[in-house]
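The values are calculated or read from the model by the stated rules, or taken from the named source; none is laboratory data. All of these numbers come straight from a predicted model, not from anything done at the bench. Note: ideal-geometry Cβ built from the backbone for every residue, glycine included; neighbour counts use all protein chains shown.
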Amino acid sequence: MANCTGSPVSLLLPSAERTGAHRNPPFGKLMEAEPRRKDGTSFPAEVHWGMAAGDPGLLACTVRDITRRKQSEQALREAKEAAERISRARMAFLTFMSHEIRTPLNGIIGMLDLLRESGLTSEQAELAEIVANNGNTLLKIVNDVLDLSRIEAGRMELEQELFFAG
């Protein structure tokens, strides 16, 4: 840790002079700043202002480099944004696929209904019934997936209905 006793605050914290923090520092509070190194480069830091022990006319401040924390925060923000983009893409895909599967499936189920009404033998009617039941089960699954995508996207509309128990 460098000792800068007697040095003007503006050498380390140019913004302190512009904002007047060197004349009226926020004692006891952390503030973020961009101090300069000897080579002129700046870095993100937390600055804690205080009075120097034994000399009320002398300011003291602690400067802590928070570059790693800022980098971690940025990485976390980017990861969160990427996860949100992936989630939106997944929901869009589920919605699209649910609609694309449901449309032909409704056509198949409709054609099966017509087929069942066309005078099939008992064995053919039994087979058509099995296919229709499986088609309806698949349609329920597709509708559930579509409902899930609506819920996650915040577009589910709830209906209130009265019911009476027993």
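Does L138 satisfy being surrounded by 12 or more Cβ atoms within 10 Å (Cβ to Cβ), aliphatic (A, V, I, L, M) and in contact (Cβ under 8 Å) with a residue 40 or more places away in the chain? Step through it out loud before you land on a result.
On the way: surrounded by 12 or more Cβ atoms within 10 Å (Cβ to Cβ): yes; aliphatic (A, V, I, L, M): yes; in contact (Cβ under 8 Å) with a residue 40 or more places away in the chain: no.
Against the criterion (surrounded by 12 or more Cβ atoms within 10 Å (Cβ to Cβ), aliphatic (A, V, I, L, M) and in contact (Cβ under 8 Å) with a residue 40 or more places away in the chain), L138 does not qualify.
Restricting to segment 97-126, what's the tally of residues that are assigned to a helix (DSSP H, G or I) and either more than 18 Å from V145 (Cβ to Cβ) or modelled with pLDDT under 85 (or both)?
Step one: filter segment 97-126 for residues assigned to a helix (DSSP H, G or I), giving 97-116, 122-126.
With either more than 18 Å from V145 (Cβ to Cβ) or modelled with pLDDT under 85 (or both) added as a condition, the list becomes 97-99, 107, 110-116, 122-126.
Of the residues in segment 97-126, 16 are assigned to a helix (DSSP H, G or I) and either more than 18 Å from V145 (Cβ to Cβ) or modelled with pLDDT under 85 (or both).
Of (1) without any contact (Cβ under 8 Å) to a residue 24 or more places away in the chain; (2) surrounded by 11 or more Cβ atoms within 10 Å (Cβ to Cβ); (3) closer than 30 Å to E46 by Cα, Q74 satisfies all except one. Which?
Answer for Q74: the failing condition is (2).
Please find, among R102, R116, R155, R90, the residue that is among the charged types (D, E, K, R), without any contact (Cβ under 8 Å) to a residue 24 or more places away in the chain, surrounded by 14 or more Cβ atoms within 10 Å (Cβ to Cβ) and over 30 Å from P44 (Cα atoms). Full working, then the answer.
On the way: R102 fails: without any contact (Cβ under 8 Å) to a residue 24 or more places away in the chain; R155 fails: surrounded by 14 or more Cβ atoms within 10 Å (Cβ to Cβ); R90 fails: surrounded by 14 or more Cβ atoms within 10 Å (Cβ to Cβ).
After applying the criteria, what remains is R116.
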